Amino acid sequence: MSYTKRTCHKCGYRDIQPNMVQKTITVDTGSSKAAFDKKSLFAATFLDDKKAGAQVHKSIFANNKRKYTRNKTVYECRDCAGGWVQRSKLGEALHKFDVFLWKLFVRAFWIMVIFLCISFVMSQQNV
Ligand SMILES: [Zn+2]
């Protein structure tokens, strides 16, 4: 039984994968245009499409920061990764909370739009 060898992202140390700590880092791409269309917004809202949701989320928040990033999986040796696990759990929790709030916001927006449409139609019929 053999394991894949992984190279530490920070110091270049090589060891088998179980001895390494997997880490997701954010890489600055600086070039991608994070634009979203109505189709993505629709998919994010009604189909719970994670990819489309991320695209819409990214386009709004990334445009404010003018920074385009993507995630990359790297490995670190235990020395370099020391203390990192705790921070990553907090970061993960904050990210999940952020996504949760964002989904609530998107749904509330569409419910409001539908409600306005219905009330408009109703008011037309009452004339
Ligand atoms: Zn290292």
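The values are calculated or read from the model by the stated rules, or taken from the named source; none is laboratory data. As the structure is a computational prediction, the values presented were derived from the model and not from experiment. For neighbour counting, all protein chains shown are included, and Cβ atoms are generated from backbone atoms with ideal geometry for every residue, glycine included.
Scanning the range 16-32 for residues that are more than 16 Å from residue 82 (Cα to Cα) and part of a strand (DSSP E or B) yields a total of 4. Selection within the range 60-71: residues that are loosely packed, with under 12 Cβ neighbours inside 10 Å and in a strand (DSSP E or B). The member of this set that is modelled with the highest pLDDT is 71.
With respect to being at pLDDT 70 or above, polar (S, T, N, Q), away from the ligand (no atom under 16 Å from the Cβ) and over 14 Å from residue 76 (Cα atoms), residue 2 fits the description. Among residues of the range 10-22 that are within 11 Å of the ligand (Cβ to nearest atom), those with a beta-carbon under 9 Å from a residue that is β-branched (Val, Ile, Thr) at least six positions away or on a different chain give the pairs 10/74; 13/7; 14/7; 15/7; 20/7; 21/85.
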